[in-house]
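Worksheet: the structure to be examined is printed underneath.
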Amino acid sequence: MKKIDCLGEICPVPVMKLKSVMKSIQSGEDYLLITDHSCTIKNLESFCKANHLKYCSDEVMNGVWEITVTASK
């Protein structure tokens, strides 16, 4: 699983970072995006739905989320 660290970065930076790795993502490949900005959750969910990506978020600490994004097979 590849990691995208977006701690301290506000929207749209996390979405732009994910979008840039989308150019080389393989089917079934996972990315773990870490963020501490709550608006990122909704923005990434919309982006993933629009691009047919699986998406799962978990608040691992108060105010810190890990978002797993998987390319559809």
- Note on the structure: In segment 38-73, anything β-branched (Val, Ile, Thr) and touching a Cys at 6+ places or on another chain (Cβ under 9 Å) is listed as 40, 67, 68, 69, 70
- Task: Scan segment 40-55 for residues that are within 11 Å of the chain's Cα centre (by Cα) and surrounded by 13 or more Cβ atoms within 10 Å (Cβ to Cβ) and jot them down.
- Result: 40, 41, 43, 44, 45, 47, 48, 53, 54, 55
- Query: Looking at residue 59, is it part of a strand (DSSP E or B), more than 15 Å from residue 72 (Cα to Cα) and not small (Gly, Ala, Ser)?
  - Reply: yes
- Would you be able to tell me the number of residues in segment 62-71 that are surrounded by 11 or more Cβ atoms within 10 Å (Cβ to Cβ) and either part of a helix (DSSP H, G or I) or small (Gly, Ala, Ser) (or both)? 1
- Restricting attention to segment 5-21, the residues that are among the small types (Gly, Ala, Ser) and either surrounded by 16 or more Cβ atoms within 10 Å (Cβ to Cβ) or modelled with pLDDT under 95 (or both) number exactly 1
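Per-residue answers, yes or no, for (1) assigned to a helix (DSSP H, G or I); (2) more than 13 Å from residue 64 (Cα to Cα); (3) touching a helix residue (DSSP H, G or I) at 6+ places or on another chain (Cβ under 6 Å); (4) not small (Gly, Ala, Ser):
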site: 5; (1), (2), (3), (4): no, no, no, yes
site: 17; (1), (2), (3), (4): yes, yes, no, yes
site: 25; (1), (2), (3), (4): no, yes, no, yes
site: 40; (1), (2), (3), (4): yes, no, yes, yes
site: 47; (1), (2), (3), (4): yes, yes, yes, yes
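The values are calculated or read from the model by the stated rules, or taken from the named source; none is laboratory data. All of these numbers come straight from a predicted model, not from anything done at the bench. Neighbour counts run over all protein chains shown; Cβ positions are idealised from the backbone, glycine included.
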